[in-house]
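The values are calculated or read from the model by the stated rules, or taken from the named source; none is laboratory data. Everything numeric in this text was worked out from a predicted model, so none of it was measured. When we count neighbours, we look across all protein chains shown, and the Cβ atoms used for this are built from the backbone with ideal geometry, even at glycine.
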Amino acid sequence: MDAIVQFGGFHMRHFYYAVHQAVEYPEAELSTFGVTITCGDDLHVNVVGGWLWDGVTRPGNARANIEQTYGCVASLWVLLHSAVDQRRYDSVNSEHGFFPYVAVEDRKAGSFKLYGPAEAPTHASLAQGLKAFVTANPDYCHEVSQCLEPIPRNFASFD
């Protein structure tokens, strides 16, 4: 029987904009992807990846963090329309306690494995995404959202 491989992904490079969205829309996320491999009606392998929060980082002074990274809030507004500064975007995620991960569920082998960088916390959980960060850091996240107040959230939903 032939295998069917499906891929889906969502690209969100701007941490502060994702937080701005998540303050109002809890389903907002950072970049994620998924790959499924099926044969017939059987799911064989499910792979997901993206960014997980360490569960402990509690940043303070959002405006100062934005200014340290972008120079000023207005620069962040302009750079929201750019995705060319990979180093800066990844470092902002890291500074807020986020690290990249890939989780592989092999249903045929009955295994599940979570992969991340060597410095990732050993207590990582797939439930520790952007929503958990916003819930644990409400004042900080509202301050981020206030800095981005003129920028529409534009979070579309679909069924």
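Summary table below
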item	result
Number of positions in the stretch 1-19 that are modelled with pLDDT under 90 and farther than 23 Å from Gly97 by Cβ	3
Count of residues meeting criterion [over 17 Å from Gly34 (Cα atoms) and aliphatic (A, V, I, L, M)] in the stretch 102-129	4
Which listed residue is touching a Lys or Arg at 6+ places or on another chain (Cβ under 6 Å), of a type outside the set (Ser, Thr, Tyr) and outside any loop (DSSP other than H, G, I, E, B), from Val78, Val104	Val104
Residue, nearest to the chain's Cα centre (by Cα), within the stretch 104-140, restricted to residues that are surrounded by fewer than 16 Cβ atoms within 10 Å (Cβ to Cβ) and aromatic (Phe, Trp, Tyr)	Tyr115
Odd one out for His44, checked against (1) more than 23 Å from Gly116 (Cα to Cα); (2) surrounded by 11 or more Cβ atoms within 10 Å (Cβ to Cβ)	(1)
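Table: residues versus (1) basic (Lys, Arg); (2) over 30 Å from Ser111 (Cβ atoms); (3) more than 21 Å from the chain's Cα centre (by Cα).
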| position | (1), (2), (3) |
| --- | --- |
| Val35 | no, no, no |
| Cys39 | no, no, yes |
| His44 | no, no, yes |
| Val47 | no, no, no |
| Trp53 | no, no, no |
| Pro59 | no, yes, no |
| Gly71 | no, yes, yes |
| Leu76 | no, yes, no |
